[in-house]
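Everything below concerns the one structure shown next.
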Ligand code: CAA
């Protein structure tokens, strides 16, 4: 069935959406990426071009492959262009009002059998599914940053997800070279429920001046063998995303373990979101 997919839609072309569009195009799918306006389309195009250009410059893909992959991606500001999409992944900002707007539109625009997947990391997939008249065809497809590199994809089933929908999502994940794990819809799913409290603990240590940012990061990377330290990782993921995950964990479980570090919240309020805003625990750009 997945082999017969002619068109995959990706809604939202920020860091995650652009990476997801690239991954599908690399696997041979025709992708239509949708953004809200032409500036956002151009930013998305820039993310994809930079990532593919880096892969070409490193000799991972040839110029011809680079051009072929790029040619598989059409970018638009018109959601109506998804009227013939077979599978859609939503990767718009983590705001309920934006998700509502997108899913209401997708439900109206896409053919009745089209699976609508969400890359949300902090909202309830069940609530997103309930925005549509096809909750059985709504599933979480949660990628990790950077999406072109990280192998894991969480396939999130809600109580209303049809088993066939989850099976197709797992098949899709495998087709694009990812390792799917099947999880239930609970705050943080599995990976973020483990990872984000760890990042939050690191922010608390830093906030209490127990060590410098470099020392905290070195403890994790050089002491525990992790690929990057927690403060560098927070900057990569986005401090707003980390805070949103902490807040849903808190809302759902109300245990001190899931209380967001005060410094994390203040940095988000101050607009220090990490790499994407040019400043987080470290400066960028
Ligand atoms: N986009 C595309 N490719 C990228 C990339 C990006 N943003 N960043 C790095 N890469 C590629 C590089 O091109 C390189 O590719 P090749 O091996 O083919 O040459 C490869 O990744 C390794 O990159 P580098 O050599 O530059 O650097 P590195 O070895 O330090 O790896 C890293 C970088 C992959 C990011 C690594 O540090 C890592 O795995 N970090 C942890 C990332 C992580 O934990 N992510 C999950 C965050 S949680 C999340 O995303 C979920 C959520 O909902 C919050």
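Cβ separations smaller than 6 Å between residues 6+ apart or across chains give no pair from segment 121-148 residues that are at positive phi to residues that are at pLDDT below 95 and part of a helix (DSSP H, G or I).
Does residue 123 satisfy the condition of being surrounded by fewer than 19 Cβ atoms within 10 Å (Cβ to Cβ) and assigned to a loop (DSSP other than H, G, I, E, B)? Yes, satisfied. Report whether or not residue 231 is in contact with a helix residue (DSSP H, G or I) (Cβ under 9 Å, 6 or more places away or on another chain) and away from the ligand (no atom under 12 Å from the Cβ). Criteria met by residue 231.
Condition first: buried (at least 21 other Cβ atoms within 10 Å of the Cβ) and either touching a residue at least 60 places away in the same chain (Cβ under 8 Å) or farther than 16 Å from residue 230 by Cβ (or both). Now tell me which residues in segment 274-285 satisfy that.
Pass one, segment 274-285, residues buried (at least 21 other Cβ atoms within 10 Å of the Cβ): 274, 280-281.
Within segment 274-285, 281 is the sole residue that qualifies.
The single condition among (1) under 22 Å from residue 274 (Cα atoms); (2) buried (at least 20 other Cβ atoms within 10 Å of the Cβ) that residue 205 does not satisfy is (2).
Selection of segment 177-189 for residues being farther than 22 Å from residue 249 by Cβ and within 14 Å of the ligand (Cβ to nearest atom) yields 177, 178, 179.
When segment 24-41 is examined, which residues are found to be under 23 Å from residue 167 (Cβ atoms) and in contact with a strand residue (DSSP E or B) (Cβ under 9 Å, 6 or more places away or on another chain)? Selection gives 24, 29, 30, 31. Report, by residue number, each residue of segment 80-115 that is in contact (Cβ under 8 Å) with a residue 24 or more places away in the chain, surrounded by fewer than 22 Cβ atoms within 10 Å (Cβ to Cβ), more than 18 Å from the chain's Cα centre (by Cα) and part of a helix (DSSP H, G or I). Residues satisfying the conditions are 80, 81, 104, 105, 107, 109.
The residues on offer are 129, 173, 166, and the sole one that is within 16 Å of the ligand (Cβ to nearest atom), within 24 Å of residue 193 (Cα to Cα) and either in contact with a strand residue (DSSP E or B) (Cβ under 9 Å, 6 or more places away or on another chain) or modelled with pLDDT of 95 or more (or both) is 173.
Residue-wise test of (1) farther than 21 Å from residue 123 by Cβ; (2) free of Cβ contacts under 8 Å to residues at least 60 places away in the same chain; (3) more than 20 Å from the chain's Cα centre (by Cα).
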{"site": "217", "(1), (2), (3)": "yes, yes, yes"}
{"site": "228", "(1), (2), (3)": "yes, yes, no"}
{"site": "232", "(1), (2), (3)": "yes, yes, no"}
{"site": "235", "(1), (2), (3)": "yes, yes, no"}
{"site": "246", "(1), (2), (3)": "no, yes, no"}
{"site": "250", "(1), (2), (3)": "no, yes, yes"}
{"site": "256", "(1), (2), (3)": "yes, yes, yes"}
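Out of segment 149-163, which residues are within 13 Å of the ligand (Cβ to nearest atom) and either touching a residue at least 60 places away in the same chain (Cβ under 8 Å) or buried (at least 19 other Cβ atoms within 10 Å of the Cβ) (or both)? Scanning segment 149-163 gives 153, 154, 156.
The values are calculated or read from the model by the stated rules, or taken from the named source; none is laboratory data. Bear in mind the structure is a predicted one, so any value in this text is a computation, not a measurement. Don't worry about glycine lacking a Cβ; one is built from the backbone with ideal geometry, like all the others, and counts go over all protein chains shown.
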